[in-house]
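Participant: Handing you a structure now.
The values are calculated or read from the model by the stated rules, or taken from the named source; none is laboratory data. Keep in mind the model is a prediction, meaning the values are calculated, not measured. Please note: Cβ atoms are built from the backbone with ideal geometry, for glycine as well, and neighbour counts cover all protein chains shown. To get the accessible areas, we keep the full protein, side chains included, count just its heavy atoms, and leave off ligands, DNA and RNA. Shrake-Rupley method; radii C 1.70, N 1.55, O 1.52, S 1.80 Å.
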Amino acid sequence: MEQKINLNLIDKEQVPTSEPERQYYFMEIAKQYVSRLAEQKGEPLTFHVTTFGCQMNARDSEKLIGILEYIGYVEGASEDADFSIYNTCTVRENANNKVYGRLGGLGNSKKKNPFMMIALCGCMMQEPSVVEKLQKSYRFVNLIFGTHNIYKFAELIVTTIENSFCFPEAKKSIMTIDIWKETDQIVEDLPAERKYFFKSGINIMFGCDNFCSYCIVPYVRGRERSREPKEIVREIEHLVKDGVVEVMLLGQNVNSYGKTLETPMTFAQLLTEIEKIEGLERIRFMTSHPKDLSDELIAVMKASKKICHHLHLPLQSGSDRMLKVMNRHYDKAHYLRLVEKLREAVPDLALTTDIIVGFPGETEEDFLDTLDVVRKVGYDSAFTFLYSKRTGTPAAAMEEQVPEDIVKRRFDLLLSEVQRIGAQKAKKLEGRILPVLIEQRNEQDAQLVTGRLDNNSVVHLPGDDSMIGKIQNVRLKECKGFYYIGEAVD
Ligand code: 5AD
Ligand code: SF4
């Protein structure tokens, strides 16, 4: 059975040309389409957003969900919803494979549900070869869009519904594809979902200009551009009025915030402004690039009462030679000196990192340099990655790929070292009483709630829903490796 709705609600004269008004116009149209389809189906239409990858994507998904809810979709529990969206990641090759692997299943669900639409968005869609493959082999996908135009989601939904349901003559639904290579546009004031009422991610900038030689992000997220500080502060003030106590400031390299503004400002200056917001209790940020982490920022972190004592500072490699070919613009000594300065300023600072193993040309000596930094810094935890060749990046053209068995051995050694050191660090906090932001009921045990320390570690403790969203002093009774069992104290 093919579903049809006979609507063509758009009056071209009426469509606003400026944003966000234009999107609100399309949201009203989409609302009417969704309600007609729901009437036909006899129940509300459901959506499901599956997010792959990083915190940027997670925040983008909240923006998609904000719009979906605004136009009348309700969240469904599984991927087989009436509108299923994959927000994809492409930072490593296996992220792409995961998407293709799961997409087939979605195609089967669509055959059984005439109201179903499937959309793909995010970083993977910025790769032309991906879109070609989808056009060829995954014709059942209704909508494909990229990272630069997610603010246009409402408008894209309207087109997609029209392409899929409105034209009786259409034999097959038409794939709506809208990918932009680049944008400098930042659209404010669109709806966004909040998964938690007490904490929220905030984009402070978009894109990346660093071109680390292994990384595809600058090609799929575009050039670096910062949001105006007054917009960021206004957004946080609104969130705080609404009950938010913790914010996570998001950017590929937050330390270079502000360079593209008409009146340039530093990240440290932005933090100083955010610190002044009354009612806000915790400030987090990621990711920090070691080359741009300034003394000014360290001083602001030292003086702050709100900036959490946790810094994610990707190392990537401890070898000067590798760092050079990775185009990272710092060396081992600079990194270690930074850590020293940070620890002088904030003695209990938790440090986490990202490390790539098996970059082209990595020798045993290079790898030992990485291990050396890992041991010297003593990370609280680290994300370790096998190097993944990304077409189009400079590293993909580098010869001397390291044999798989050697990479695997190095990776296993690094991981066990990272875990051993992390467990030792975690153990040190046993017995301490520390503030924990309670985030949710424990998923396994309903008698427990789960929260996070200032240093981002997870703590489980007996409690109930009334504690969620509050900062509670907790005695860390037992360290279980990477999390703690605690008890609330007054
Ligand atoms: N291969 C492996 N890891 C990568 N990362 C980025 N690109 C690649 C790649 N091609 C890692 C980096 C980065 C993290 C988000 O992903 O460590 O900090
Ligand atoms: Fe990729 Fe480097 Fe930019 Fe991070 S700083 S997103 S690793 S290019």
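Participant: Among the residues of segment 311-319, is any modelled with pLDDT of 95 or more, away from ligand 2 (no atom under 14 Å from the Cβ) and within 26 Å of VAL245 (Cβ to Cβ)?
Facilitator: Checked against the condition, which is being modelled with pLDDT of 95 or more, away from ligand 2 (no atom under 14 Å from the Cβ) and within 26 Å of VAL245 (Cβ to Cβ), segment 311-319 yields at least one hit.
Participant: Restricting the first residue to segment 276-288 and requiring it to be assigned to a strand (DSSP E or B), which pairs with a second residue that is within 16 Å of ligand 2 (Cβ to nearest atom) and modelled with pLDDT of 95 or more meet a Cβ separation below 6 Å and a spacing of at least six or different chains?
Facilitator: Within 6 Å, the pairs are PHE285/LEU249; PHE285/VAL254; MET286/HIS312.
Participant: Restricting attention to segment 393-403, report how many residues are open to solvent by 80 Å² or more (accessible area, probe 1.4 Å) and either among the small types (Gly, Ala, Ser) or free of Cβ contacts under 8 Å to residues at least 40 places away in the same chain (or both).
Facilitator: 2
Participant: Taking segment 93-105, which residues are within 16 Å of ligand 2 (Cβ to nearest atom) and either over 10 Å from GLY53 (Cβ atoms) or modelled with pLDDT of 95 or more (or both)?
Facilitator: Answer for segment 93-105, where residues must be within 16 Å of ligand 2 (Cβ to nearest atom) and either over 10 Å from GLY53 (Cβ atoms) or modelled with pLDDT of 95 or more (or both): just GLU93.
Participant: Give the number of residues within segment 325-340 that are in a helix (DSSP H, G or I) and within 14 Å of ligand 2 (Cβ to nearest atom).
Facilitator: Here the count works out to 1.
Participant: Here is a list of conditions, (1) within 16 Å of ligand 1 (Cβ to nearest atom); (2) within 17 Å of the chain's Cα centre (by Cα), and SER200 meets all of them except one; can you say which number that is?
Facilitator: (1)
Rundown of residues vs (1) open to solvent by 10 Å² or more (accessible area, probe 1.4 Å); (2) over 14 Å from PRO290 (Cβ atoms); (3) part of a strand (DSSP E or B), yes/no style:
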{"site": "LEU323", "(1), (2), (3)": "no, no, no"}
{"site": "LEU342", "(1), (2), (3)": "no, no, no"}
{"site": "LYS376", "(1), (2), (3)": "yes, yes, no"}
{"site": "TYR379", "(1), (2), (3)": "no, no, no"}
{"site": "PHE383", "(1), (2), (3)": "yes, yes, yes"}
{"site": "THR391", "(1), (2), (3)": "yes, yes, no"}
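Participant: While we're on this one: Starting from residues that are in a loop (DSSP other than H, G, I, E, B) and within 12 Å of ligand 1 (Cβ to nearest atom), keep the ones in segment 350-361 and report whichever is surrounded by the most Cβ atoms within 10 Å (Cβ to Cβ).
Facilitator: Within segment 350-361, the subset in a loop (DSSP other than H, G, I, E, B) is 358-361.
From what's left, within 12 Å of ligand 1 (Cβ to nearest atom): 358-360.
Values: GLY358: 20, PHE359: 26, PRO360: 20.
My answer is PHE359.
Participant: Identify, please: which residue in segment 343-375 is more than 19 Å from TYR387 (Cβ to Cβ) and of a type in the set (A, V, I, L, M) and is, among those, nearest to ligand 2 (Cβ to nearest atom)?
Facilitator: Filtering first and then ranking leaves LEU351.
Participant: Still on this structure, please answer the following. Return the residues of segment 223-247 that are within 30 Å of TYR330 (Cβ to Cβ) and either at pLDDT below 95 or of a type in the set (D, E, K, R) (or both); say none if nothing qualifies.
Facilitator: Looking only at segment 223-247, we keep the residues that are within 30 Å of TYR330 (Cβ to Cβ), and these are 223-229, 232, 246-247.
ARG223, GLU224, ARG225, ARG227, GLU228, GLU246, listed by residue number.
Each row is one residue, and each column tells you yes or no for (1) modelled with pLDDT of 95 or more; (2) on the phi > 0 side of the Ramachandran plot; (3) among the charged types (D, E, K, R).
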position	(1), (2), (3)
PRO44	yes, no, no
HIS48	yes, no, no
THR51	yes, no, no
ALA77	no, no, no
GLY107	no, no, no
ARG139	no, no, yes
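Participant: What's the number of the condition THR370 fails, among (1) of a type in the set (S, T, N, Q); (2) open to solvent by less than 20 Å² (accessible area, probe 1.4 Å); (3) under 22 Å from CYS89 (Cα atoms)?
Facilitator: All conditions pass for THR370, except number (3).
Participant: Still on this structure, please answer the following. Give me the pairs: first residue in segment 408-426 and surrounded by 13 or more Cβ atoms within 10 Å (Cβ to Cβ), second residue at pLDDT below 95, beta-carbon distance under 7 Å, and six or more apart or on different chains, which are they?
Facilitator: Cβ pairs passing all conditions: GLY422/PHE482; ALA423/GLY481; ALA426/GLY481; ALA426/PHE482.
Participant: With within 21 Å of the chain's Cα centre (by Cα) and either loosely packed, with under 15 Cβ neighbours inside 10 Å or more than 30 Å from GLU224 (Cα to Cα) (or both) as the only criterion, which of GLU75, GLU43, GLU62 stands out?
Facilitator: Numbers: GLU43 fails: within 21 Å of the chain's Cα centre (by Cα); GLU62 fails: either loosely packed, with under 15 Cβ neighbours inside 10 Å or more than 30 Å from GLU224 (Cα to Cα) (or both).
The conditions single out GLU75.
Participant: All but one of (1) over 19 Å from LYS306 (Cα atoms); (2) open to solvent by 30 Å² or more (accessible area, probe 1.4 Å); (3) away from ligand 2 (no atom under 16 Å from the Cβ) hold for THR266, so report the exception by its number.
Facilitator: (1)
Participant: Which one of these is polar (S, T, N, Q) and in a helix (DSSP H, G or I): GLN401, GLN424?
Facilitator: GLN424
Participant: Any residue at all in segment 91-110 that's open to solvent by 50 Å² or more (accessible area, probe 1.4 Å), touching a residue at least 12 places away in the same chain (Cβ under 8 Å), basic (Lys, Arg) and farther than 27 Å from LYS195 by Cα?
Facilitator: no
Participant: With the checklist (1) open to solvent by 40 Å² or more (accessible area, probe 1.4 Å); (2) of a type in the set (A, V, I, L, M); (3) free of Cβ contacts under 8 Å to residues at least 60 places away in the same chain in hand, flag the one item LEU143 doesn't pass.
Facilitator: Of everything listed in (1) open to solvent by 40 Å² or more (accessible area, probe 1.4 Å); (2) of a type in the set (A, V, I, L, M); (3) free of Cβ contacts under 8 Å to residues at least 60 places away in the same chain, LEU143 misses just condition (1).
Participant: May I pose another question? Here are ILE202, ILE216: which of them is in contact with a strand residue (DSSP E or B) (Cβ under 9 Å, 6 or more places away or on another chain) and at pLDDT 95 or above?
Facilitator: Numbers: ILE216 fails: in contact with a strand residue (DSSP E or B) (Cβ under 9 Å, 6 or more places away or on another chain).
Going through ILE202, ILE216 in turn, just one is in contact with a strand residue (DSSP E or B) (Cβ under 9 Å, 6 or more places away or on another chain) and at pLDDT 95 or above: ILE202.
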